[in-house]
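Before any comments, here is the structure.
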Amino acid sequence: SGKWARARAIVKELEDKCGTPIGKLRQVADAMDVEMHAGLASEGGSKLKMLISYVDNLPTGDEKGLFYALDLGGTNFRVLRVQLGGKEEGVVNQEFEEVSIPPHLMTGSSDALFDFIAEALAKFVESEPEGFHPPPGRQRELGFTFSFPVRQTSICSGNLIKWTKGFNIEDAVGGDVVGLLTKSMEKIGLDMRVSALVNDTIGTLAGGRFYNQDVIAAVILGTGTNAAYVERAHAIPKWPGLLPKSGEMVINMEWGNFRSSHLPLTEYDQVLDYESLNPGEQIFEKLISGMYLGEIVRRILLKMAEEADFFGESVPPKLKIPFILRTPDMSAMHHDASPDLKVVGSKLGDILEISNTSLTMRKIVVEVCDIVATRGARLSAAGILGILKKIGRDTVKAGEKQKSVIALDGGLFEHYTKFRTCMESTLKELLGEEEAESIVIEHSNDGSGIGAALLAASHSQYL
Ligand code: ADP
Ligand code: MG
């Protein structure tokens with residue numbers, strides 16, 4: 001019937017607009033490489049901020065003692081403590097707690113947010129087991145993973161450039177986030193020093209390096225997306241001071257803000273961006289990351305409902321609610337292997353209150369999920385190729401057996417299997433068989449927390 005023809009036409013057009021043939025991915029990778037150079041050349045030289053992390057040494061494995069870490073950057077925040085035993089013993093003990101952030105705190109005042117965090121941290125410290133206390137007279141030390149763009153002024157201080165991922169607390173922008181946390185800790189008498197302020201990508205890179213010395217970059221695919229990598233210090237023209245002794249500097253790319261004319265953007269992406277909390281910003285992130293994939297699918301289904309009566313004569317009211325379709329639900333539909341697509345049916349019913357969907361409708365919904373996830377996964381692979389190009393690791397030199405390991409983490413990578421496998425196979429495809437053998441993607445399970453604790457240890461005031 002005409003209805004199906006119209007629906008199919010919408011999906012067909014979507015598929016065309018979302019296309020990511022290898023040639024296009026190479027253009028994206030090249031553009032990433034170019035923007036990386038520009039961002040390193042001068043402050044504000046690119047959409048890619050290429051932030052200097054002040055991490056010029058990654059963990060060696062010698063780190064010792066009790067350290068805390070706090071991970072803030074999405075819907076949950078985590079507090080953890082790690083007992084490090086040096087080369088011989090590694091991570092002796094590790095405990096963590098996860099606390100979800102009440103949504104009103106994500107758009108309220110900075111005092112309210114940081115007071116809440118300090119409170120949760122204090123409670124966690126109280127549960128410190130007997131035998132794991134710091135030596136008398138010593139302050140507890142914390143690695144603070146804060147996964148928003150920060151202009152660092154040292155390893156343990158930095159000013160918030162902007163919020164992303166649904167956070168929007170105006171009075172914090174421009175402020176020193178370590179100062180804000182410290183003030184909230186002091187208010188409640190929690191005696192703790194923030195000895196390292198890092199991004200989740202930096203934490204993941206550090207955590208990855210602790211276990212595997214071949215780790216050279218880290219990528220987060222979670223609520224948002226970002227990447228960090230080890231750069232040669234002399235390749236950072238904008239670096240203001242003396243070059244670090246190690247000759248290296250970890251760079252927080254803030255790649256979520258990457259944009260390029262080569263990115264396949266659709267009308268859905270444009271309107272999503274326009275109606276977002278941060279229009280014009282984080283365009284790469286809005287194509288790739290967990291916060292947005294489900295929302296893109298919702299917008300496509302809404303259009304099909306409106307213009308092709310896809311779900312019947314009236315538009316299902318729930319389908320009009322932004323962000324109602326979350327990426328985990330999209331993923332569950334996408335992975336539905338039952339012959340009658342029963343998961344798709346129940347997700348559409350439970351979340352969108354669309355009942356009695358036919359198998360044909362369900363199949364089309366899966367197709368839409370596939371188009372959106374495939375585009376995101378392939379673009380992520382292109383981004384990784386961009387990094388490898390920048391550091392000259394996209395080609396193997398004759399006789400060289402150098403491995404390059406990229407530590408990946410984040411809920412999207414971890415749980416969205418089709419996304420992950422598509423990203424991995426696309427990277428192989430881009431690299432070619434021989435090169436692909438030297439590049440390893442490693443899941444760094446919560447490396448960022450351990451990484452922050454390790455960096456707190458290597459920047460301890462007691463060293
Ligand atoms: P954050 O990025 O907030 O620090 P995570 O790394 O745990 O936290 O990522 C959480 C995100 O991962 C969620 O917002 C969601 O988009 C995505 N995610 C979680 N579970 C799944 C899933 N089963 N399928 C697809 N995406 C998922
Ligand atoms: Mg995270």
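What follows draws every value from the coordinates through simple rules; no lab data is involved. Computed from a predicted model, the values in this text were never measured in an experiment. Cβ: placed from backbone, ideal geometry, glycine included. Neighbour counts: every protein chain shown.
Within 10 Å, at most 13 other Cβ atoms, and a DSSP state outside H, G, I, E, B define an exposed site. Report the longest part of the chain free of exposed chymotrypsin sites (Phe, Trp or Tyr not before Pro).
Excluding the exposed sites themselves, the longest stretch runs over 133-322.
For Lys238, go through the aspartates and glutamates and keep the ones whose alpha-carbon is under 17 Å away, minus same-chain ones fewer than eight residues off.
Cross-link targets: Asp33, Glu35, Glu43, Asp56, Glu248, Glu254.
Give, rounded to the nearest 20 debye, the magnitude of the charge dipole that the chain has about its Cα centre when Lys and Arg contribute +1 at Cβ and Asp and Glu contribute -1 at Cβ.
820 debye
Under 13 Å from the Cβ of Ala436, count the other residues' Cβ atoms, weight Lys and Arg +1, Asp and Glu -1, and hand me the total.
-4
Fewest to most neighbouring Cβ within 10 Å: what's the order for Arg298, Arg151?
Arg151, Arg298
Mind pulling the angle between the C-alpha long axis of helix 200-211 and the longest principal axis of the chain? Nearest 10 degrees, somewhere in 0 to 90.
70 degrees
Projecting each Cα onto the charge dipole of segment 198-250 (Lys/Arg +1, Asp/Glu -1 at the beta carbon, about the Cα centre), which of Gly247, Asn226, Asn199 comes out farthest on the positive side?
Sorting the options by dipole projection puts first Gly247.
Would you compute, for the Cα atoms of segment 258-388, the largest minus smallest coordinate along each principal axis and list the three values in descending order, in whole Å?
Here the spans come out as 47, 30, 21 Å, largest first.
What GluC sites (Glu not before Pro) in segment 238-325 are in a loop by DSSP, with at most 15 other Cβ atoms within 10 Å of the Cβ?
Glu275, Glu313
Would you work out the charge dipole size for segment 365-463 about its Cα centre, treating the Cβ of every Lys and Arg as +1 and the Cβ of every Asp and Glu as -1, and quote it to the nearest 20 debye?
Result for segment 365-463 is approximately 300 debye, rounded to the nearest 20.
What dipole magnitude, in Debye to the nearest 20, does segment 405-463 give about its Cα centre under +1 on Lys/Arg Cβ and -1 on Asp/Glu Cβ?
Roughly 300 debye, rounded to the nearest 20.
Which of the listed residues, Ser184, Phe124, Thr164, is farthest toward the dipole's positive end in segment 113-193, when Lys, Arg count +1 and Asp, Glu count -1 at the beta-carbon?
Positive-end residue among those listed: Thr164.
Loop-only check: which GluC sites (Glu not before Pro) in segment 369-428 are DSSP coil with at most 15 other Cβ within 10 angstrom?
Sparse-neighbourhood loop GluC sites (Glu not before Pro): Glu400.
Using the Cα centre of the chain as origin and beta-carbon charges of +1 (Lys, Arg) and -1 (Asp, Glu), tell me which of Gly90, Gln27, Thr421 is placed farthest towards the positive end of the dipole.
Gln27
Kindly identify segment 125-212 as rounded, prolate or oblate by the Cα gyration tensor criterion: order the square roots of the eigenvalues as a ≥ b ≥ c, call it rounded if a/c is under 1.5, otherwise compare a/b with b/c, prolate if a/b is larger, else oblate.
Oblate.
Going by Cα centres, segment 1-59 and segment 160-189 are how many Å apart?
30 Å
In the neighborhood of Gly247, defined by Cβ-to-Cβ distances under 15 Å, what is the net charge if each Lys or Arg adds +1 and each Asp or Glu adds -1?
The answer is -1.
Based on alpha-carbon positions alone, could you give the equivalent ellipsoid semi-axes of segment 24-104 from the gyration tensor, as √(5λ), descending, whole Å?
The equivalent ellipsoid of segment 24-104 has semi-axes of 35, 21, 13 Å.
Could you compute the net charge surrounding Gly207? Neighbours are other residues with a C-beta less than 9 Å from the C-beta of Gly207; K and R count +1, D and E count -1.
Overall, the nearby charge balance is -1.
Where does the chain land at 222 nm, in deg cm²/dmol rounded to the nearest 500, when only DSSP H runs of n ≥ 4 count, each adding -39500 (n - 2.57), divided by all residues?
When only DSSP H runs of four or more count, the value is -13500 deg cm²/dmol.
Give me the Kirkwood hydrodynamic radius of segment 238-324 in Å, from all C-alpha pairs, to one decimal place?
Computed over Cα pairs of segment 238-324, the Kirkwood hydrodynamic radius comes out at 15.6 Å.
Please go through segment 1-68 and write out the GluC sites (Glu not before Pro) that DSSP classes as loop and that have at most 14 other C-beta atoms within 10 Å.
Glu43
Please figure out what share of the DSSP beta bridges in the chain is antiparallel and state it in percent, rounded to the nearest 5.
Roughly 60 percent of the DSSP beta bridges within the chain come out antiparallel.
Can you list the residues, at least 5 places off or on another chain, whose amide H is less than 5 Å from the amide H of Gly158, using H built in the peptide plane?
Distant-sequence amide H within range of Gly158: Thr153, Val177, Val178, Gly179.
Along its principal axes, what span do the Cα atoms of the chain show, with the longest given first and each in whole Å?
Principal-axis extents of the Cα atoms in the chain, largest first: 78, 56, 40 Å.
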